[in-house]
1. How high is the relative contact order of the range 263-363, in percent, counting Cα pairs under 8 Å that sit 6 or more residues apart?
2. Computing the accessible area with a 1.4 Å probe over protein heavy atoms, can you report the carbon and sulfur percentage for the range 268-325?
3. Please report the relative contact order for the range 243-303, taking Cα pairs under 8 Å with a sequence separation of at least 6, and give it as a percent rounded to a whole number.
4. Among 166-173, 188-195, 279-286, how do they line up from the highest to the lowest mean number of other beta-carbon atoms within 10 Å?
5. Could you give the length gained by full extension between A353 and V131, i.e. 0.36 nm per residue of separation minus their alpha carbon distance, to one decimal place?
6. Say each of I172 and F392 gets a label point 7 Å from the Cα, pointing the same way as Cα to Cβ; how far apart are those two points in nm?
7. Ranked highest first by average number of other Cβ atoms within 10 Å, how do 326-337, 81-92 line up?
8. With a Förster radius of 35 Å, plug the Cβ-Cβ distance of C198 and S249 into 1/(1 + (r/R0)^6) and report the FRET value to the nearest 0.05.
Amino acid sequence: MLRQTAQRITQRAGSRGFSVLTASEEFPGLAPPTPPPNQAAAPPSLPSPPASPSSPKMPPSPPPGLSSAVIVRSVEDVGGQLFARAGRRGATVGYTALRENAAFVAPLLAAECSFEKWDVVEAVKLAGEEVGSVAGDAQVSLTDQIYAAAYGAQSSLGRSYYTPGASRASIISFRERNYTLNGAVLAATGITDHEAFCRMVEEEFPSAGASSGAPPAAAAKAEYLGGEARLATSADYALVALAFEGPTSAPMMNVLKHCLNMSGGASAFASPGVMGVYGGGAPGSAAETVDALSKAVTSAPSADVVARAKAAAKAEALNALDGGSKSLADAMTASVLDSCGFSAKALGESYDAISEADVKKAYEGMMMSKLSLAAVGDITSVPYHASIASRFA
């Protein structure tokens, strides 16, 4: 919801500057809440940013119950720029700001949100528009079918990512169950005083995540099953994907992806836990498409292909570090989950350390997993799972 609010306020407010926003300021015409007798109503107050880069005072925790509009504007008020992205396995929220404001802004990422009704309504509306914009997207449909085939259509990973109609109560419940600080990864760059920043995190972040008193939700086990998911439409094409269970190591997964890409005749994809190839064409040539995909998968990578795939995967990973805050945050988070640390040097070395034997072992492990078949479009001529799976027995 913070992502939707950040987008909405940026679109609506343009270059306006506010130090603190309340509902009545951003949304004129809404009646302000009635204060109790003999008590004046006041907008939530936030700690001021440090007066200078050398200010040694640690910022106090932000008060609970802030609307996401207030959180967004408080970050922007000190020149920060928020970014956010979400996926099936988690979400990333972060900011880019001056170094001297890092300790002031960081606790706002973990601030307890009040889920104001007007705030949620606007966020749900914007999310609904995003769902509508991808409703007819063939690539999105194929991705949904891949996950449904790999994990089961009723599992948390197998259900469609773009689901409209969320209520305020369901959003609050989902947030409290899943987005807790216990298990989160905090990644930061450009911090000059590392020890001071770590002290700030230890002092400010635990209190922000323990307000509900409820234990964090247990991580949902994503069990790869393998299977088939087909979506028939009136399109004049047939898209097909063959997927397998992938390695847990991100560098190895990326190397294998490039190996599949270099095999020819197919486009490769990879995400945590699942990887494979996809292609498409005229409905009548669906069988030929499946043959080409099968050939690409069953072509074991040679030493030359492994060497080129390693170089391409390493370059892709290092180039992502220069792709802006979002890419950098994703790379740092993946590295922390992989090896409990991050550095550009270590990232490059993680690819250098992969041997041809390692790739061969990972490839064989992938081929031993169950096949997942996804098909979208005019799928009348697309062979069924059983006939294709026999090719990889």
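1. In percent, rounded to a whole number, it is 22.
2. So the carbon and sulfur contribution to the accessible surface is 57 percent.
3. RCO, the range 243-303: 33 percent.
4. 279-286, 166-173, 188-195
5. In short, 75.8 nm is gained.
6. Once both label points are built, they end up 4.5 nm from each other.
7. Per-residue mean Cβ counts within 10 Å order the peptides as 326-337, 81-92.
8. Computed FRET efficiency for C198 and S249: 0.80.
The values are calculated or read from the model by the stated rules, or taken from the named source; none is laboratory data. Only a predicted model underlies this, so the values are computations on that prediction, with no experimental measurement involved. Cβ coordinates were reconstructed from backbone atoms using ideal geometry, including for glycine residues, and neighbour counts include every protein chain displayed. Areas reflect the complete protein model, heavy atoms only, side chains present, ligands, DNA and RNA absent. Shrake-Rupley method; radii C 1.70, N 1.55, O 1.52, S 1.80 Å.
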